[in-house]
Structure formats: C-alpha cells, structure tokens
Amino acid sequence: QVQLVESGGGLVQAGGSLRLSCAASTSIFSINDMAWYRQAPGKQRELVAGITSGGSTNYVDSVKGRFTISRDNAKNTVYLQMNSLKPEDTAVYYCRGIFYGYIYWGQGTQVTVSS
C-alpha cells in the first residue's frame, strides 16, 4: 500500500503564490510518473501538470507559465509551485501516482484564491 500525503494548500489573494508538496511512502518513487490534478466545485477533476520519471513535464494550457511541477527523488516528493494565482485556480488539488500497476491518490489539499 502506497500513501500520498499532500500539504501546502491554503487561502491566498489573487496574484499570490503557493507551493504544494506530495510525499510518497514508497521506495520506487523515482521510477514512476507523477501528476497533480484539481477539482473545483461542480466540475470534473482535471489534470493540471505531470512529470515523468525522467523529469519531462506537461501542463494544462490554463496554468502554463504560472505553475511549475518538480520532483525530489531523494525525498520521494513531488511539488507544484503556483505563481500568479487567479480565483479560477480555486479547487481541491490532488496528487496522483501509479505504483505496482495501481493508481494512488492523495487526500487532497484545498487552494482558495480570493479576488
């Protein structure tokens, strides 16, 4: 069983920044792709950013140039640096990983951006 534990959410004014962290309880973290998703009230969960085991990244168009996904394999942790936050970024953010052929999700962390 793998656990993903997120932290770093909170309330911030528009234009501000937050950094989310997701720590994984597995020794095979480094060979797996990781991703951040978000779900706003009344909307479907959407992929925000992904990072491969080799460090390649991809982003949804709405966050390109503002968000940066990164990983520290020594700490089994993936990060999401969020800058220039907008009210429309308000959502619960989830970390996702696939280990041993199974999809694992974190518990989610709330990000609220006030205008």
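Read-outs throughout are calculated quantities, based only on the coordinates presented, and are distinct from any laboratory measurement. Predicted model, so just to flag it, every value in this text is computed and none were measured.
Between region 60-115 and region 1-42, the C-alpha centres lie 4 angstrom from each other.
In units of the compact-protein estimate 2.2 N^0.38 Å, region 1-46 shows a Cα radius of gyration of 1.45.
So what's the projected area for region 13-112, the Cα convex hull averaged over all directions, in nm²?
6.2
Within the straight-line cut-off of under 15 Å between alpha carbons, the aspartates and glutamates reachable from Lys64 are Glu46, Glu88, Asp89, sequence neighbours fewer than 8 places apart in one chain being disregarded.
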